[in-house]
Amino acid sequence: MRYLHTMVRVRDLDASLRFYCQGLGLVETSRMENDKGRFTLVFLAAPGDAGTAQTTKAPLVELTYNWDPEDYQGGRNFGHLAYQVDDIYAACQRLADLGVTINRPPRDGHMAFVRSPDNISIELLQDGHLAPAEPWVSMPNTGAW
């Protein structure tokens, strides 16, 4: 057995791509439009996995955009996506600059949580450990993560 991908349904493909690609830094590896089924699939990989994802198709996040409007509610059967980052402070700042709320700031220099435009919880974990630094140390939690 091997891990292939996690599928996340999204309401606004452009907003989701801005979040996942510009904010988190993921790379689009492939896209499929299905006119008959009226959906678009976009597969994303972390930059460090992009080369491997091209050949093995894993590990990936699959954004599923259904062309007909639907309201998706988060279920308790889904927890979060987790990504290891080289600099958690830079990653959080990049997301904050895009208007993303940092729900659980990286006060410890190691872990943070944010939410996608579709309210999917995303955990960011520092590769190694950074010393606690402002403004993150003083930031309170915001909302649920």
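Quick notes on this structure:
- Of the criteria (1) among the polar types (S, T, N, Q); (2) over 14 Å from residue 8 (Cβ atoms); (3) surrounded by fewer than 18 Cβ atoms within 10 Å (Cβ to Cβ), which one residue 126 fails: (3)
- Every residue from the range 40-64 that is in a strand (DSSP E or B) and out of contact with any Gly (no Cβ under 9 Å at 6 or more places or on another chain): 40, 41, 42, 43, 44, 60, 61, 62, 63, 64
- The listed residues are 29, 40, 56, and the only one of them that is outside the structural domain of residue 120 (by TED's automatic domain parsing) and touching an Asp or Glu at 6+ places or on another chain (Cβ under 6 Å) turns out to be 40.
- Residues in the range 13-48 that are over 19 Å from residue 80 (Cα atoms) and charged (D, E, K, R): 14, 28, 31, 33, 35, 36, 38.
- All positions within the range 86-110 that are free of Cβ contacts under 8 Å to residues at least 60 places away in the same chain and either in contact with a helix residue (DSSP H, G or I) (Cβ under 6 Å, 6 or more places away or on another chain) or in a helix (DSSP H, G or I) (or both): 88, 89, 90, 92, 93, 96, 97, 102, 106
- Which listed residue, of 33, 28, is in contact with a Ser or Thr (Cβ under 6 Å, 6 or more places away or on another chain) and without any contact (Cβ under 8 Å) to a residue 24 or more places away in the chain: 33
- Qualifying positions in the range 1-39 - touching a helix residue (DSSP H, G or I) at 6+ places or on another chain (Cβ under 7 Å), assigned to a strand (DSSP E or B) and more than 18 Å from residue 70 (Cβ to Cβ): 27, 28, 29
- Restricting 103, 119 to residues that are on the phi > 0 side of the Ramachandran plot, not small (Gly, Ala, Ser) and not assigned by TED's automatic domain parsing to the domain that holds residue 20 narrows the list to 119.
- The range 84-123, subset buried (at least 17 other Cβ atoms within 10 Å of the Cβ) and polar (S, T, N, Q), residue modelled with the highest pLDDT: 116
The values are calculated or read from the model by the stated rules, or taken from the named source; none is laboratory data. All figures in this text were calculated on a predicted structure; none of them were measured in a lab. Counting neighbours? That spans all protein chains shown, and the Cβs are built from the backbone with ideal geometry, glycine included.
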